[in-house]
Amino acid sequence: MASSKKLPANNLAEKKADSLQGHLKLFLVSFFKQYNLARPTLLVAYSGGLDSTVLLHAMQQLQSDLSFHLSAMHVHHGLSQHADDWANFCEKNCANLGVPLQQVQVHVEQDAGLGTEAAARAARYQALQATTADFICLAHHQNDQAETLLLQLARGAGVKGLAGMAQVDIKRRLVRPLLTMPHADLVTYANQHQLQWVEDDSNADIAFDRNFIRHVLMPTFNQRYASITKTLARSASHMAEANEMLDELAALDALNALDTEYKTVNVNQLKTLSLARQGNLIRFWLANNQITLPRTALLNQILQQLTSEQADAAIKVKVADHWHVMRYQGLAYLVAETTCLAPINLLWQDEPIIILPNLSRLFFTKEIGKGFAFQRGGSDIKLRIKSRQGGEHFKPTLGRPKRHLKAIMQSSHIPPWQRAQLPLIFMDETLVIIPNIGTNAEMEAQSHELGLSARWEPAAS
């Protein structure tokens, strides 16, 4: 289960081990300074394997020199007959190092269509992301980066995929301190410090894509190109720079084509861009809304339908589980699938924010001379928030007849899929506020009266 393989001691090995710890120290000092971190909490994703054992040990050694809190997490997948032994090993090793350890058992959805590797990785990252640590430290190294590049090439990935793994991923709180270090340096460090680690028997199974690259392709490449690992990792770095520039270009295009919160795309502005920039902007839009980047065929389908000459034609392109791209009156939206809409029937009790059963939100503001004069009738007035039933009428303008709610929503450019979700605010049986649209004209606050307004934020926006 565990190994403490030891190489013959020599000066070169000692220098390499020292260089790993020195590299790690320089990286952490620079990282803390760049992001203005004072005593951050760092959590090592600890599998018990050689790589994470080296990272955990080296970081524990640096705690006396640098100011940070260190802990570890072991994710128990339950996929191997040795999983319990690995968990026990991690517990003992962390106890010996004096590092607090959290163990999390996860269920891997092996029939979710992702494959065992991807499903286990997704479950592991979900567990790690649930931690309250400032940053999660992963033990990926230069060889891992080279293998990732080859994997992405085999999958036909674009620039973003070929960029490989980021050394610092602020959004996901991930840090890879050893990413530029060759795996050989980790082996040297482990042996010089007489570390023990566990060997995952699945690492030798070349049925897994990464293992095939590691055990079959890379040795073949190394016979011809001695520095192939370093070279591939450098190529990934070049792709990361190119991807950063593409993101900067997309952010510039977004100034005209996306709304300020990156929720909608102005299709007419999208059409003014070259086809390459259109695709780049749509990928940027989806990524900023946490949607997995689409394959080329799907991206082309999105662009073709969005920019179709039939501007009023309804479109619905599935881009992820439960998510679609839809278009209405020249704007593209990301819309979540709705199943059964939960009915709304709530009494407003002066809350500034209400989360509704459909997970949309209502924001209430009070302002002199603007909105519904909710204090005009005294303190006994009760306002109730209800779902749309159909047949509602509303008076938006004095001196004009009441109008059907359906016509009002159409003229206010409310997308069809949002109309059934739109909450309505009643006083007794009278519709007094339509959020995002306005107030019953007969009950508008005068210049001396305190008024109430409501803004609605759809769950799918």
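Equivalent-ellipsoid semi-axes (√(5λ), Cα gyration tensor) for the range 345-457, whole Å, largest first?
Values: eigenvalues 84, 63, 31 Å².
Semi-axes from the Cα gyration tensor: 21, 18, 12 Å.
Just in the range 31-126: which GluC sites (Glu not before Pro) are loop by DSSP and have at most 14 other Cβ atoms within 10 Å?
Working: sites: E91, E109, E117; in loops: E109.
Listed in order of number, the matching sites are E109.
Report the one residue of H141, I170, A287 whose Cα lies farthest in the direction of the positive end of the charge dipole of the chain (charges on C-beta: Lys and Arg +1, Asp and Glu -1; origin at the Cα centre).
So the residue we want is A287.
What Kirkwood Rh does the chain have if only Cα atoms enter the pairwise 1/r average? Answer in Å.
Details: mean 1/r = 0.0377 Å⁻¹.
Every distinct Cα pair counted, the radius reaches 26.5 Å.
Given Cβ point charges of +1 (Lys, Arg) and -1 (Asp, Glu) and nothing else, what value in debye, to the nearest 20, does the dipole of the range 123-220 about its Cα centre take?
Working: 9 positive and 10 negative charges, 100 e Å.
With only Lys, Arg, Asp and Glu charged at Cβ, the dipole is about 480 debye.
Beyond 20 Å between alpha-carbons counts as too far, so tell me which of K263/K316; K370/K395; K33/K171; K263/K318; K171/K318; K386/K406 fall in that bin. Spell out each step's value before the answer.
Working: K263/K316 16 Å; K370/K395 16 Å; K33/K171 18 Å; K263/K318 16 Å; K171/K318 25 Å; K386/K406 16 Å.
Where the Cα-Cα span goes over 20 Å, the pairs concerned are K171/K318.
Please compute the contact order of the chain in relative form: average sequence separation of alpha-carbon pairs under 8 Å and at least six residues apart, divided by the residue count, as a percent.
Numbers: 719 pairs, mean separation 54.0, N = 461.
Relative contact order here is 12 percent.
For a protection proxy built on the mean count of beta-carbon atoms within 10 angstrom, sort 175-188, 322-335, 137-150 highest first, please.
Working: 175-188: 21.4, 322-335: 18.4, 137-150: 23.4.
Ranking, from highest mean packing down: 137-150, 175-188, 322-335.
Put +1 on the Cβ of each Lys and Arg and -1 on the Cβ of each Asp and Glu in the range 327-434; which of S411, I368, L334 then has its Cα farthest toward the positive end of the dipole?
Farthest towards the positive pole: S411.
Sum -39500 (n - 2.57) across every DSSP H segment of at least 4 residues in the chain, then divide by the residue count to get the 222 nm mean residue ellipticity, nearest 500. Spell out each step's value before the answer.
On the way: 15 runs with 175 residues, N = 461.
Taking each H run of at least 4 residues, the total per residue is -11500 deg cm²/dmol.
Rounded to the nearest 20 Debye, what is the dipole magnitude of the range 345-457 about its Cα centre when Lys and Arg each give +1 and Asp and Glu each give -1 at the C-beta? Could the numbers behind the result be given before it?
Values: 15 positive and 11 negative charges, 87 e Å.
Taking the Cα centre of the range 345-457 as origin, the dipole is about 420 debye.
Once Lys and Arg get +1 and Asp and Glu get -1 on their Cβ, which of N96, W197, L56 lies farthest toward the positive end of the dipole of the chain?
After comparing all options, I get L56.
Excluding residues fewer than 8 places away in the same chain, name every one of the aspartates and glutamates whose C-alpha is closer than 14 Å to that of K92.
Leaving aside aspartates and glutamates fewer than 8 places away in the same chain, those within reach of K92 are D84.
Please report the relative contact order for the range 258-336, taking Cα pairs under 8 Å with a sequence separation of at least 6, and give it as a percent rounded to a whole number.
On the way: 90 pairs, mean separation 24.0, N = 79.
30 percent.
Coordinate-derived values only; no laboratory data. Bear in mind that the values here come from a model prediction, so they are computed numbers and not experimental data. Methodologically, a virtual Cβ is constructed for each residue, glycine included, from the backbone with ideal geometry; neighbour enumeration extends over all protein chains shown.
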